[in-house]
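S.K.: Please read through the structure below; I'll follow up with questions.
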Amino acid sequence: MNSLAKQIAVLGSTGSIGVSALEVIKASGGRLRASVLSAHSRFAQLVEQAQAHRPQYVIASDKAATRFDWSGLPAGTELLVGAEALDEIVSRDCVDIVLAAIVGSAGLQSTWSALESKKTVALANKETLVSAGPMMTRLAHKFGALILPVDSEHSAIFQALQAGQLAEVQRLVLTASGGPFRNLPLEELKTVTVSEALEHPIWNMGPKITVDSATMMNKALEIIEARWLFGVEADQISVVIHPQSIVHSLVEFIDGSVVAQMSPPDMRLPIQYALNYPDRTPGIAKRLDWSQAFALEFEPPDPERFPALQLGYECARAGGTSGAVLSAANEAAVGAFLGGELHFTEIVPACRSILDAHNFNANPTLNQLVEIDRWAREEISNWVCI
Ligand code: NAD
Ligand code: MG
C-alpha cells in the first residue's frame with residue numbers, strides 16, 4: 001500500500017456516487033485509498049466492495065445488518081453496525097477525506113462530525129447544506145475544515161471561481177438538464193408514473209435525486225446549496241436549462257466575462273477533482289470529442305412547469321429553518337410518490353404548503369433542525385391520498 005495515499009471514507013459506497021467514487025479510487029494508481037465503506041442496505045454489494053478495496057472498516061448503518069452473514073469480509077476489515085458508527089469513524093486517523101454520499105438528511109450527522117474533526121469533506125449530500133447551510137459553513141470555518149463540492153454544478157462553479165475574486169462575481173448560473181418532462185404537455189404531468197420519472201435523459205443516479213431532477217426540486221436544492229457554499233445572495237443565482245449537460249455551470253464576473261466548466265456528463269470527474277484537490281490528475285471520466293460537431297443550447301426555465309424553483313429562491317433568501325423544512329418535506333413526498341401514494345404533481349404543492357405552515361426560526365440549533373425535519377416528514381402524511 002502507498003503510505004502517502006489519501007485515505008477516503010466513502011459514506012454511501014453502494015449508491016450511484018459511491019460506486020463512481022470507488023471507480024475513481026481504483027483508477028488512481030495508488031494516490032487514493034478507500035479506508036472506510038458504508039451502506040444502509042445491499043450488504044452483499046458492500047462485501048463485494050470490501051473484497052475489491054480491502055478497507056479498514058465497513059459500516060452497515062441499518063440494524064438489520066446483525067442478521068446478515070458477514071463471513072465474506074476480507075481478513076483485516078472490521079465490521080461496525082449502526083448509524084452511530086458513521087459519526088464516530090470519521091474522526092479516526094485512517095480518514096483524510098470524507099466523501100459524504102449518503103442520500104438525504106441521514107447524511108447530516110456524519111458530515112457534521114467530519115467537520116468537527118477537521119476532516120476535508122467532499123460533499124455530494126446536498127441535503128446537508130440545504131438543511132443546515134449556515135451552521136455547516138460556520139463549523140468548517142471554525143475548525144479550518146474544507147468543504148469541497150461534488151455536485152457537478154457546484155464543482156463547476158468552484159473551478160470557475162478560480163478565474164477571479166468572490167467580490168468580482170456578478171452571478172452564478174446553474175445549468176439544469178430539464179429532466180424527462182421538459183417538453184411534456186403540462187396537462188400530462190399529473191399522470192406521470194414512477195418509471196417515467198425514473199427515466200432521466202442524461203444522468204444515471206439514485207431514485208431520490210432522479211425524481212428531484214424531474215420536478216426541478218434538485219435545482220431548487222442546488223440554489224440553496226450554492227447560496228451557503230459560496231456565500232452569495234439568492235438573487236445572484238440564476239438557473240438556465242441546458243439539455244446537453246456539457247456546461248456544468250457558469251460564473252459571470254462584474255466585467256461581463258462568463259467562465260464555464262465543460263465536460264461530458266460523468267460524475268467521476270467532479271468526484272475525482274474533489275478527492276485530488278488542489279491537484280488535477282489524469283482520470284477515467286469521459287472526454288469531449290472535439291473532432292465531432294456538437295451544439296450547446298440554453299433556455300430560461302418555465303416557472304409554470306417548474307414551480308419548485310420559486311421554493312428554492314424563497315428558502316435561499318429566508319435561511320433559518322426553511323431549507324430543512326423544504327428538504328425534509330420533499331424527501332418524504334418523493335418517498336410517497338415512489339411508493340405510489342402521491343401524484344407527481346402533488347410533490348411541489350405539498351412542500352409549498354408545509355413550508356408556509358411551519359414555525360419559522362431564523363437561528364435554529366442542530367436539535368431544532370432535527371425536530372423540524374421530523375415534523376415536516378409527518379406533515380406529508382396529510383397529503384397521502386391515492
Ligand atoms: P443512492 O440512493 O444511489 O445511494 C445512497 C447511498 O446512501 C447508499 O449507499 C445507501 O446505502 C446510503 N443510505 C441510504 N439511506 C441511508 C441511511 N438512512 N443511513 C445511512 N446510509 C444511507 O444516492 P445517490 O444518487 O448516490 O446520491 C447520494 C447523494 O449525492 C444525494 O444527496 C444526492 O443528492 C447527491 N448527488 C448525487 C448525484 C448523482 O449523480 N447520483 C449527483 C449530485 C449529487
Ligand atoms: Mg447537481
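The values are calculated or read from the model by the stated rules, or taken from the named source; none is laboratory data. What you see is a predicted model, and the numbers here were worked out from it, not measured in a lab. Don't worry about glycine lacking a Cβ; one is built from the backbone with ideal geometry, like all the others, and counts go over all protein chains shown. Side chains are part of the model used for accessible areas, which takes the heavy atoms of the whole protein and leaves out ligands, DNA and RNA. Shrake-Rupley method; radii C 1.70, N 1.55, O 1.52, S 1.80 Å.
S.K.: Using 0.36 nm per residue of separation minus the Cα-Cα distance, give me the extension gain between Lys286 and Glu168 in nm, one decimal.
M.R.: Working: separation 118, 0.36 × 118 = 42.48 nm, distance 3.20 nm.
Result: 39.3 nm gained on full extension.
S.K.: A further question follows. Indicate the helices, whole DSSP H runs only, in the chain that combine a mean Kyte-Doolittle hydropathy of -1.0 or more with a Cα extent along their long axis of 18 angstrom or more. Could you put the intermediate results ahead of the total?
M.R.: Values: long enough: 126-143 (21 Å, -0.07); 217-230 (19 Å, 0.36); 322-338 (24 Å, 1.19); 366-379 (20 Å, -0.91).
Helices meeting the span and hydropathy rule in the chain are 126-143, 217-230, 322-338, 366-379.
S.K.: Can you give the Rg to Rh ratio for segment 23-89, taking only C-alpha atoms and Rh from Kirkwood? Each step should come with its number before you reach the end.
M.R.: Details: Rg = 11.8 Å, Rh = 12.2 Å.
On the Cα set of segment 23-89, Rg over Rh gives 0.97.
S.K.: If you take the beta carbon distance between Thr191 and Glu304 as r and set R0 to 22 Å, what does 1/(1 + (r/R0)^6) give as a FRET efficiency, to the nearest 0.05? Display every interim value, and only then the final one.
M.R.: Details: r = 18 Å, r/R0 = 0.80.
Plugging the Cβ-Cβ distance into 1/(1 + (r/R0)^6) gives 0.80.
S.K.: Continuing with this model, one more query. What accessible area per residue comes out for the chain, rounded to a whole number of Å², with a 1.4 Å probe? Mind showing how you got there, number by number?
M.R.: Working: 16600 Å² over 386 residues.
Per-residue accessible area for the chain comes out at 43 Å².
S.K.: What percent do you get for the relative contact order of the chain when only Cα pairs under 8 Å and 6+ apart count? Intermediate results must be reported in sequence, preceding the final value.
M.R.: Numbers: 723 pairs, mean separation 56.1, N = 386.
Once divided by the residue count of the chain, the mean separation gives 15 percent.
S.K.: Describe numerically, in nm with one decimal, the distance between label points set 7 Å from Cα along Cα→Cβ at Ser353 and at Phe294.
M.R.: Result for the modelled spin labels: 4.3 nm.
S.K.: Bins of 20 Å, beginning at zero and ending with the bin holding the largest distance: percent of Cα pairs per bin for the chain, please.
M.R.: It works out to 28, 60, 11, 0, in whole percents.
S.K.: Given labels modelled 7 Å from the Cα in the Cβ direction, how far is it in nm from Ala362 to Ser238?
M.R.: 3.1
S.K.: Still on this structure: Rank-order 240-248, 208-216, 150-158 by packing density, defined as the average count of other C-beta atoms within 10 Å over each peptide's residues, highest first. Present the calculation step by step, with values, prior to reporting the outcome.
M.R.: Numbers: 240-248: 19.3, 208-216: 24.7, 150-158: 26.6.
So the peptides 240-248, 208-216, 150-158, ranked by packing, come out 150-158, 208-216, 240-248.
S.K.: Using the basic label-point model (7 angstrom from Cα toward the beta carbon), what is the Arg67 to Val258 distance in nanometres?
M.R.: My value for the distance between the label points is 5.5 nm.
S.K.: Another question about this same structure. Measure off, as a whole percent, the carbon and sulfur share of the 1.4 Å-probe accessible area of the chain, all protein chains present.
M.R.: Values: 8580 of 16600 Å².
Solvent-exposed carbon and sulfur of the chain make up 52 percent of the total.
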